[in-house]
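A short worksheet on the structure shown next.
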Amino acid sequence: MNLNFKFKGNRNYIQGPDICNQIFSLYKEDFYEDFEISFHSLAHNNIILSQEQLKQQDQLKFVCKFKQSDDAIKTYYGYENIFSKPNTSYVYNEEEITDYAIINLQEKSIALKQHSVFTPLEEIVALNKYLVSNLFKEQTGKWYFTKLQLKKPFPKDIKIIKILLKNNFNFLIVKSEIYIENEFYGNIYFSLK
């Protein structure tokens, strides 16, 4: 199955939340719990989503798994489609999310109590990036969203999102917990490169 994207802002790669949001919309009836996606590298082209592990491992961009309501585990592989590149972009301003965030550096947390026009995952990724960028200002490099683990789908009406930094493995992997309406929903991981 082909997944086609638009670039966000001036980026020349497809953002992880856009990939996840397409998977959520395609499989919303199937996704029941334990969603996990691990990104292996940036995708600069559109994606081919396959249930089969192909031989072109150099084009593998992510692996996604989730449990269906019948307890069957679905696994999907995202491969870069070298023949299909996004040809448009749209305005994306993370500050429209982070300007309304409340950051607590002592607690190593960030919260959003005002829902934006963006999807919950776009908000979570922007919040976590803002949190780690402020906690580790002395570090140079770029923060990348590398992994997401969700216990269950996001609720329809979200009022409060809170992200709490839990572990820092020498900036190779930084793990944060996701809370929605004060309920634990899963973990998000970033890497500094």
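Please arrange TYR79, TYR179 by how many other C-beta atoms lie within 10 Å of their C-beta, fewest to most.
Starting with the residue having the fewest Cβ neighbours, the order is TYR179, TYR79.
Sort ASP34, ASP99 so that the residue with the fewest other Cβ atoms within 10 Å of its own Cβ comes first and the one with the most comes last.
ASP99, ASP34
Summing -39500 (n - 2.57) over the DSSP H runs of n ≥ 4 in the chain and dividing by its residue number, what mean residue ellipticity at 222 nm do you reach, to the nearest 500 deg cm²/dmol?
Helices in the chain give a 222 nm mean residue ellipticity of -5000 deg cm²/dmol.
Per the Kirkwood formula on distinct C-alpha pairs, the Rh of segment 95-192 is how many angstrom?
13.3
Taking each pair of different alpha-carbon atoms in the chain once, compute 1/r for the pair, average those values, and report the inverse of that mean as the Kirkwood hydrodynamic radius in Å to one decimal.
One decimal place: 17.3 Å for the Kirkwood radius.
At q = 0.12, 0.20 Å⁻¹, what log₁₀ I(q)/I(0) does a Debye calculation on the Cα points of segment 114-169 give, no solvent, two decimals?
Values, matching the q order: -0.33, -0.87.
Treating the angle as unsigned and between 0 and 90°, give the value, to the nearest 10°, between the Cα long axis of helix 16-26 and the longest Cα principal axis of the chain.
60
Alpha carbon centre of segment 29-85 versus segment 1-23: separation in Å?
After rounding, the separation between the Cα centres reads 13 Å.
Could you tell me the extents of segment 58-103's C-alpha atoms along the three principal axes, largest first, rounded to whole Å?
Largest to smallest, the principal-axis extents are 40, 34, 18 Å.
Need one number for segment 2-89: average projected area of the convex hull over its C-alpha atoms, nm².
With the hull built on Cα positions only, its mean projection is 5.6 nm².
Each reported figure results from applying straightforward, stated rules to the coordinates on display, with no laboratory input. Predicted, not measured: the structure shown is a model, and the values here were computed from it. Positions of Cβ are backbone-derived with ideal geometry, glycine not excepted, and every protein chain shown enters the neighbour counts.
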